[in-house]
1. When only Cα pairs under 8 Å and 6 or more residues apart are kept, what is the percent relative contact order across the chain?
2. What are the DSSP H helices in the chain that stretch 30 Å or more along their long axis, judged by alpha-carbon atoms, and whose average Kyte-Doolittle hydropathy comes to at least -1.0?
3. Can you work out the FRET efficiency for the pair Lys18 and Ala97, with r the C-beta to C-beta distance and R0 = 25 Å, to the nearest 0.05?
4. For the chain, set up a GNM with springs between Cα atoms under 10 Å and report which of Ala106, Ala62, Ala92 has the largest fluctuation.
5. Roughly how many nanometres apart are two label points built 7 Å out from the Cα toward the Cβ at Val29 and Val115?
6. Report the extension gain between Lys45 and Ser58 in nm, rounded to one decimal, defined as 0.36 nm multiplied by the number of residues separating them, less their alpha carbon distance.
7. I need the shape label for the stretch 1-61. Rule: rounded when a/c is under 1.5, else prolate if a/b > b/c, else oblate, with a, b, c from the alpha carbon gyration tensor.
8. Can you return the aspartates and glutamates within cross-link range of Lys18? Criterion is Cα-Cα under 15 Å, with same-chain partners fewer than 8 residues away left out.
Amino acid sequence: MYRDAQGKYTGLDLELLKAIFKEARCTLVTLPELPTARRQLLFQKGELDLLPAASDTSERHAYARFSMSYRDETVGIFGKAGTPAVHLMLSARTTGAADRARLNAANTHLEQRGVLAAIRNRHEAP
């Protein structure tokens, strides 16, 4: 996510999140930008419900649950083989299995209709 010329947040992840939350009939509330370490600490303490663009790692399973992936990405100059998937990371303290199921169902419906692919295509480099 980034700010556009008018100072509004925009970007691929935000567009995908808005579409998924709308389909799931959930409200997406965004907060002002926070430093990464502070955002992670607040999430671990249960003061944030969701972090987008998260990688599913075994360490994070102690305090988070993960949605199905909503996009793939390749990052960096050097990396592991394969294309890592990007998930919504949901707080294990403030969300439940029903929340994850609702977001996953919305994600699946949007993928099947080609909505998420269309959003991703708009953000691909020429």
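Where a number appears in this text, it was derived from the coordinates with a stated rule and is not lab data. Every value quoted in this text rests on a predicted model; they were computed, and no experiment measured them. Virtual Cβ from ideal backbone geometry, glycine too; neighbours counted across all protein chains shown.
1. Result for the chain is 28 percent.
2. Details: long enough: none.
Flagged H segments: there are none.
3. So the FRET efficiency works out to roughly 0.60.
4. With Cα springs under 10 Å in the chain, the top fluctuation among Ala106, Ala62, Ala92 is at Ala62.
5. If labels sit at Val29 and Val115, their model points lie 2.3 nm apart.
6. So the chain would gain 2.9 nm between Lys45 and Ser58.
7. It is oblate, given that a/c is not under 1.5 and a/b is not larger than b/c.
8. Glu111
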